[in-house]
1. Using a 1.4 Å probe on the protein heavy atoms, what percent of the accessible area of the chain belongs to carbon and sulfur?
2. Tell me the mean residue ellipticity at 222 nm calculated for the chain from its helices only (DSSP H runs of n ≥ 4, each -39500 (n - 2.57), averaged over every residue, nearest 500).
3. At 4 °C and a viscosity of 1.567 mPa s, what translational diffusion coefficient does Stokes-Einstein give for the chain, taking Rh as the Kirkwood radius over Cα pairs? Give it in µm²/s as a whole number.
4. Which residue fluctuates the most in the chain, going by a Gaussian network model with Cα springs under 10 Å, if the choices are N79, N46, N70?
5. Expressed in nm to one decimal, what extension gain is obtained for the pair C129 and A40 from 0.36 nm per residue of sequence separation less their Cα-Cα distance?
6. Compute the separation of the alpha-carbon centres of the stretch 1-32 and the stretch 72-137 and state it in Å as a whole number.
7. Would you look at the GNM of the chain, springs on alpha carbons closer than 10 Å, and say which of A40, A16, A162 moves the most?
8. What is the gain in length, in nm to one decimal, between S67 and Q12 on full extension, counting 0.36 nm per residue of separation less the C-alpha to C-alpha distance?
Amino acid sequence: MVTSDPITRRLQRLFAVLDTDEEGFVTWGNYQQIVDRYTAGYALANSDVRIKHLERAYWAQWLGLLSQANPGRDRLSQNEFVAAHRAVGYGTDAAQLLEDLAQAVFNVLDVDADKRINRDEFARYLEFCKISSSDATIIFRRLDLDGDAFISQREVARSIRAFHLYNDDLNTPGGIFLGLYC
């Protein structure tokens, strides 16, 4: 039996979360559902600049994944999804795609727009994700890399990059910003 590496396993889990209809494929519609959840969960209008930024960031990520698939594809199987993520992850645009996504997610979570996510804002996000408050402190500490009691945009970006590229921890907290636990 071949055991896949932690990044592949995380990407397979992300695929399972995105494939809400369990048809075995991910489409742009699955990413749009994430944006719609943020819109509803934060009671924002579809025209809100934060939602538009989030939608553009997911759209760019989706186009990056499709660019790694066979021409003409508008959906990806699990194997295609994982391979595309890996190919995009090592490409020259990967850092910018992940940075844009991190900034967009951060802007939605930073409700008071003070350029940092405090414990209350994070608790609201966990409530939105239906994650128990008992896990909040542990997750917050793992994301607050500098220990200043806030989560910065840089820390969100680092956690998302670690989820996609670098970390051997199967439960890296960056997945929380990608809908993995929501």
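1. Working: 4690 of 9150 Å².
The C+S portion of the solvent-accessible surface of the chain is 51 percent.
2. Working: 8 runs with 103 residues, N = 182.
Using -39500 (n - 2.57) per qualifying helix, the result is -18000 deg cm²/dmol.
3. Value of D from the Cα-based Kirkwood radius: 78 µm²/s.
4. Of N79, N46, N70, the Gaussian network model singles out N70 as fluctuating most.
5. Working: separation 89, 0.36 × 89 = 32.04 nm, distance 1.18 nm.
Result: 30.9 nm gained on full extension.
6. Here the answer is 15 Å between Cα centres.
7. A40
8. Here the segment from S67 to Q12 would lengthen by 17.9 nm.
The values are calculated or read from the model by the stated rules, or taken from the named source; none is laboratory data. Every value quoted in this text rests on a predicted model; they were computed, and no experiment measured them. In case anyone asks, the SASA skips ligands and DNA or RNA and just uses the protein heavy atoms, side chains included. Shrake-Rupley method; radii C 1.70, N 1.55, O 1.52, S 1.80 Å.
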